[in-house]
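The values are calculated or read from the model by the stated rules, or taken from the named source; none is laboratory data. In this text the structure is predicted, and so the values were computed from the model without any measurement. In this analysis, Cβ positions are derived from the backbone assuming ideal geometry, glycine residues included, and neighbour counts consider all displayed protein chains. The accessibility values were calculated without ligands, DNA or RNA, using every heavy atom of the protein model including side chains. Shrake-Rupley method; radii C 1.70, N 1.55, O 1.52, S 1.80 Å.
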Amino acid sequence: MKLIIINGPNLNLLGKREPEIYGSTTFEEFFRKLQLKFKNVELAYYQSNIEGELIDKLHEVGFNYDGIILNAAAYTHTSVSIGDAIKSIETPVVELHISNIHAREEFRHQSFIAPNAKGVIFGFGLKGYELAVQSFL
Ligand code: DQA
């Protein structure tokens with residue numbers, strides 16, 4: 001089983017960024033633990049702050065991975081192109097958010113990813129990534 005976690009803009013600052021919302025663990029630290037937890041899964045991780053780079057990565061992995069866990073961050077709410085990229089690839093995508101986007105500002109309730117996602121996980125903190133991996137097993 002080959003899965004990839006793709007994180008979008010500002011998620012490179014996890015651990016430092018608004019810790020009251022996103023927690024105080026860095027993603028690198030969390031990712032190492034996740035890999036140890038799922039030793040039988042080939043788990044990759046990619047992060048970019050740039051919309052086009054996220055789309056390029058979706059194209060690259062979207063025909064040869066078994067699953068994509070995508071936290072497109074703010075692009076979730078704005079990016080028609082990331083939504084289209086998900087429509088264009090074969091690998092199923094789980095949309096993920098660390099925070100409960102429906103308990104936050106109205107603009108975060110809109111998603112261009114959800115209509116074409118296999119499922120959506122939000123509001124469980126970093127634990128959501130673990131739930132997303134399990135959803136593919
Ligand atoms: C987020 C929620 C988004 O609304 C926000 O723009 C993010 C992170 C989350 O993981 O909770 O950057 O995707």
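Summary table
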{"read-out": "Inter-residue pairs, beta-carbon under 6 Å, first closer than 12 Å to L58 by Cβ and in the range 82-104, second near the ligand (Cβ under 9 Å from one of its atoms), 6+ apart", "value": "I82/A72; I82/Y75"}
{"read-out": "Candidate set: the range 53-78, residues that are more than 16 Å from the ligand (Cβ to nearest atom) and in contact (Cβ under 8 Å) with a residue 60 or more places away in the chain; chosen: the one farthest from K2 (Cα to Cα)", "value": "N64"}
{"read-out": "Output for the range 12-52, where each listed residue is in contact with a strand residue (DSSP E or B) (Cβ under 6 Å, 6 or more places away or on another chain) and within 12 Å of the ligand (Cβ to nearest atom)", "value": "N12, Q47"}
{"read-out": "Selection status of I121, more than 26 Å from E18 (Cβ to Cβ), in contact (Cβ under 8 Å) with a residue 24 or more places away in the chain and open to solvent by 10 Å² or more (accessible area, probe 1.4 Å)", "value": "no"}
{"read-out": "Members of the range 55-64 that are open to solvent by 50 Å² or more (accessible area, probe 1.4 Å) and not hydrophobic (A, V, I, L, M, F, W, C)", "value": "D56, H59, E60, N64"}
{"read-out": "Subset of the range 24-49 (residues that are over 14 Å from the mean Cα position of the chain (by Cα), open to solvent by 40 Å² or more (accessible area, probe 1.4 Å) and touching a residue at least 24 places away in the same chain (Cβ under 8 Å))", "value": "T25, K37, N40, E42"}
